Every structure is written in C-alpha cells, then in structure tokens.
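Step one of this worksheet: look at the structure below.
Please treat every number below as a calculation from the coordinates, not as lab data. Predicted model, so just to flag it, every value in this text is computed and none were measured. So basically every Cβ, Gly included, is an ideal-geometry build from the backbone, and we count neighbours across all protein chains shown.
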C-alpha cells in the first residue's frame, strides 16, 4: 500500500494566526516564561500557572481556522479514501486545525490543547472547565500536553511508521526545525538499507538538523505558497506507479 506521511510543526499553523514559540510577537509566549509554564520539572511548583497558561492558549486558538496546508491534506485523504493510498499525519502541533479541516489519521505527538490528564490515575478527557478528575476525583490535573523535559510517548508510532516505509513511499516534512526528533537518522538508516523514499522538505529556511542531502524536493518558502507545489510533486510521483489521480486543492 503506497503511503504518504506528513510530519509537521508550528510553521504550518503560523499562517492561520497561531504564533510559533520562537516568533510569537505580542502573543502569550511573550507574556509568560516558557521555562515556568512549559517545563515538566516545574509542574508541581507551578501547576496552577501552567493550567492557567494553557487555558488562555486554548482560548486563543479556538477561533483560528485551517489554511491551505490543512485543507489540501484533507482533500488528499478524501481523494484516496477508497484507494490503496494511505495519507497519514504526524504533527507536533497541539492545535486542532487538522480536525477543523476534516483531516483523519492524525497523531498529535505532543498532545492536544482540548484534552486534560490526571497525574494520579492517568485518565484523559476533553477539557470541560473542571479541575477534578472524572474517574478518581483527584485534583492533580494538567493539560494533556508534552512539556519540556518530558518524554513524548507517541513518537513510538512515528518510529514504527518510519521503520515500515517501503520503496516509493512519500515523506513530507513541513514547518519544523527538526531538532526535537532525529528524523534525519531514520532517513540515513532507510537509505543504507536500500529503501528509496520520495522526500520533501518545506521550511522557511535551512536547518542543520535537516540536511538537504536527504531530500529530493526542497521548498524554502511559506507553507501557503509551497503547498500547491507539494501536491503536484505527490501527483507526479504517484503517477510514476501508473495510477491517475485528480487532487483538488481547497483555498
């Protein structure tokens, strides 16, 4: 089964008005010390401040709308719904823009802004404003978000997907600096084992963590202008397997 995998970071949501951690001018990132509200080691010390920060962030994100990136992937998935092509999304983003666009098969590696977790019993649920666990009644409640210094458990699923890549599968990396997860090592490993992927990189600028030698197509530009080109790249490479697809891009 041909597989198309998108691995994305904050850069794909920035055009929708969600500031990135590094460039969040006039955003919550400038009003709060990230080491206090996003640090696992400070969770028990700053639990209320952390909950308050993510409540404000949740409110800031709720009215944001998906852009052409999210909508294009939703269109891809719809186009291939009854085919043998699988389109999967792994995102570091905690926003829900993929869901709003109608995307499926999404893994939020760092958690979701609309979920909470109990540190006592590990129950997870959709945020409802309550500060007690619905299962055990405990009050050690936190956002279901991976904090700095905390393992991101869902990377295991990304690792498994990378390890099962086959010749001709397509990997698109967009909007991430590449320093959180060593995806370049996996690309080197696959190449050394004779697996020939189609690899696409789309960032605003080069990153030392994503060497250009690993990519067949590189677009150093905004995700909005790059997305139609990436869709065309996908179409061209899938057509090499003698299949015809008509992929619609929703603006």
Residue in the stretch 46-57 that is surrounded by 16 or more Cβ atoms within 10 Å (Cβ to Cβ) and within 20 Å of the chain's Cα centre (by Cα) present: yes
Condition broken by residue 89, with the remaining ones in (1) free of Cβ contacts under 8 Å to residues at least 12 places away in the same chain; (2) at negative phi satisfied: (1)
Leading residue by the ranking (surrounded by the most Cβ atoms within 10 Å (Cβ to Cβ)) among those in the stretch 58-80 that are in contact with a helix residue (DSSP H, G or I) (Cβ under 6 Å, 6 or more places away or on another chain) and part of a helix (DSSP H, G or I): 70
Qualifying positions in the stretch 199-219 - outside any helix (DSSP H, G or I) and free of Cβ contacts under 8 Å to residues at least 12 places away in the same chain: 208
